[in-house]
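**Q** Quick one: the structure is below, questions incoming.
The values are calculated or read from the model by the stated rules, or taken from the named source; none is laboratory data. Since this is a predicted model, take the numbers as computed values, not measurements. Please note: Cβ atoms are built from the backbone with ideal geometry, for glycine as well, and neighbour counts cover all protein chains shown.
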């Protein structure tokens with residue numbers, strides 16, 4: 001069998017001939033709340049023109065519980081939006097704008113009370129928008145293993161209910177549960193005690209790294225569990241000041257977020273292991289990004305240009 005000159009060069013160089021590009025790069029809207037509040041339709045047009053194909057929403061939504069909406073009241077002033085996850089529009093109006101710009105939405109972020117009490121209404125909106133995943137972005141629990149076992153039980157119930165409604169439930173580990181507790185890493189406990197057929201995960205590679213955990217190690221250890229990934233880069237290696245379980249520790253690390261490809265995280269390797277592990281959606285998120293018209297372009301161009309090794 002003859003080997004072409006190009007293939008021979010690659011083999012001699014020790015690189016993989018089997019590479020690919022990310023065909024669909026998503027954007028988590030928490031990156032650009034102020035732009036969306038000012039002009040949702042215009043911003044979606046800009047996002048599509050850059051090249052993004054998928055959109056991930058965050059709440060609160062019309063169907064969110066009163067508890068969730070009350071929680072957001074304390075956050076709204078610093079985020080810079082009015083407190084509407086659809087930015088004053090209806091789900092039907094949002095869907096038309098997405099369609100007009102060739103965008104789709106595979107997922108939304110929500111909260112635990114809405115998942116427990118309003119999952120039926122959430123499913124109606126999700127199906128209208130074409131969303132498959134409902135994602136819990138953060139959670140609080142008692143800092144002992146019994147608290148995490150109770151959380152795993154809740155996740156199993158939500159996951160089973162979501163499946164009945166034609167959805168998939170995933171949780172996004174924001175930082176807590178990554179340090180040993182009573183001789184056990186709580187995240188491992190949750191993964192071990194939840195049903196792999198109904199409870200999935202969204203990995204945020206920035207917060208995972210900030211918790212002192214190697215993203216690649218978890219992707220390889222738990223194949224099939226991680227179905228979505230938040231991509232962001234870290235200007236230098238930083239860690240949570242504590243256990244990573246409260247917003248104050250997250251906000252402390254916001255200044256170290258940087259454009260994809262401009263920091264120290266090995267995005268190419270992480271993405272390759274993510275694809276092998278079963279990640280379906282790769283979503284850029286840079287929380288309330290400064291100068292988004294420039295930053296979103298730089299991050300997209302870097303991610304779209306990566307040659308991802310097929311592992």
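**Q** Among the listed residues 80, 42, 102, identify the single one that is farther than 22 Å from residue 122 by Cα, modelled with pLDDT under 95 and out of contact with any strand residue (DSSP E or B) (no Cβ under 7 Å at 6 or more places or on another chain).
**A** 80
**Q** Take residues that are modelled with pLDDT under 95 and tell me which of the helices (runs of 4 or more DSSP H) falling wholly in the stretch 155-256 contain 3 or more.
**A** 247-252
**Q** Something else now. Looking at the stretch 54-96 only, could you name the residues that are within 30 Å of residue 21 (Cβ to Cβ) and surrounded by 17 or more Cβ atoms within 10 Å (Cβ to Cβ)?
**A** 54, 55, 56, 57, 58, 94, 95
**Q** Moving on. Assuming residue 102 fulfils every condition listed in (1) assigned to a loop (DSSP other than H, G, I, E, B); (2) touching a residue at least 40 places away in the same chain (Cβ under 8 Å); (3) surrounded by 14 or more Cβ atoms within 10 Å (Cβ to Cβ) apart from one, which condition is it?
**A** Result: residue 102 passes all but (3).
**Q** Take residue 94 and decide whether it is under 20 Å from residue 230 (Cβ atoms), touching a helix residue (DSSP H, G or I) at 6+ places or on another chain (Cβ under 9 Å) and either modelled with pLDDT of 95 or more or not in a loop (DSSP other than H, G, I, E, B) (or both).
**A** No; evaluated as a whole, the condition is false for this residue.
**Q** Only one of 147, 177 is at positive phi and either buried (at least 21 other Cβ atoms within 10 Å of the Cβ) or without any contact (Cβ under 8 Å) to a residue 12 or more places away in the chain (or both). Can you tell me which?
**A** So the residue among 147, 177 that is at positive phi and either buried (at least 21 other Cβ atoms within 10 Å of the Cβ) or without any contact (Cβ under 8 Å) to a residue 12 or more places away in the chain (or both) is 177.
**Q** Related question: Out of everything in the stretch 154-167 that is touching a helix residue (DSSP H, G or I) at 6+ places or on another chain (Cβ under 6 Å) and over 10 Å from residue 126 (Cβ atoms), what residue ends up being surrounded by the most Cβ atoms within 10 Å (Cβ to Cβ)?
**A** Checking each candidate, the answer is 158.
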